[in-house]
Amino acid sequence: MRLTKLSVLSGILVLLPPVGHAYEVLEVKDGGTVEGMVTFAGTPPPPRKLLLTKDPEVCGAGERVIEDVSVTAEGTLRNAVVYVDGIEHGKDWNALPSGTRLEQRGCAFLPAIAIVPQGKDLAITNSDPVPHNIHAYEVIGRARRSLFNMAQPQPSTITKAISPRNAPTVKVECDLHNFMEGW
């Protein structure tokens, strides 16, 4: 197996295989593994605090703390996703643990980080008794491109194929509750 690039990302939705390539499912007999720890050097940025401004009976009141970079006392990075770029064939994604569901509960995206294969469906469930408006962006460096923007009544599930064109990172926000974010 040839590794073309190994990337470590903290707090993101990762889409494999590389954007723009078809993935061929093959039987894998002697597959490799990637092991290790992701460490952080330097001082992590302080957490952001977002005011909870709407629907306090569901979302709560006060502030929501968003920790974009979370480092343990030992210096390891929490919520890191590691992916190998350039893999064009291998085992069937359907054989992997599920990660193609996103729930909106308590005005938060759960899980806050999910992994979805390129072009596969992401099921998004609103379990809150209030509407949400889910907006997904492809993140391209400091820029972003809208993938979809949909109102979602309560309770309901929508399914969207995740197919960014230029980058493997997608941010999810709620346009009705500006303190909701996920990757």
Per-pair calculated FRET efficiency, R0 = 35 Å: Glu57 and Lys91 via Cβ, rounded to 0.05: 0.20
Partners for Lys29 among aspartates and glutamates (Cα-Cα distance below 17 Å; same-chain residues under 8 apart left out): Glu88, Asp92
Compute, for Asp85, the solvent-accessible surface of its heavy atoms (probe 1.4 Å) with the complete set of protein chains present, and express it in square angstrom to the nearest 10. 40
How do the peptides 64-75, 161-172 rank, highest first, by the average count of neighbouring beta carbon atoms within 10 Å per residue? 161-172, 64-75
What figure, in Å² to the nearest 10, do you get for the accessible area of Lys120 with a 1.4 Å probe and non-protein molecules left out? 90
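Stretch Val25-Phe148 to full length: gain in nm at 0.36 nm per residue minus the Cα-Cα span?
41.5 nm
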Heavy-atom accessible area with a 1.4 angstrom probe orders Met150, Met37, Met180, most exposed first, as Met37, Met150, Met180
Checking the table Lys91/Lys171; Lys120/Lys160; Lys49/Lys160; Lys91/Lys120 against a 20 Å threshold on Cα-Cα, which pairs fail? Lys91/Lys171; Lys49/Lys160
Once the piece of chain linking Arg78 and Thr39 is laid out straight, how much longer is it, given 0.36 nm per residue of separation minus the C-alpha distance between them? 13.1 nm
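The values are calculated or read from the model by the stated rules, or taken from the named source; none is laboratory data. Model, not experiment: these values are computed from the prediction. In this analysis, Cβ positions are derived from the backbone assuming ideal geometry, glycine residues included, and neighbour counts consider all displayed protein chains. Calculation scope for accessible area: heavy atoms of the full protein, side chains included, ligands and nucleic acids excluded. Shrake-Rupley method; radii C 1.70, N 1.55, O 1.52, S 1.80 Å.
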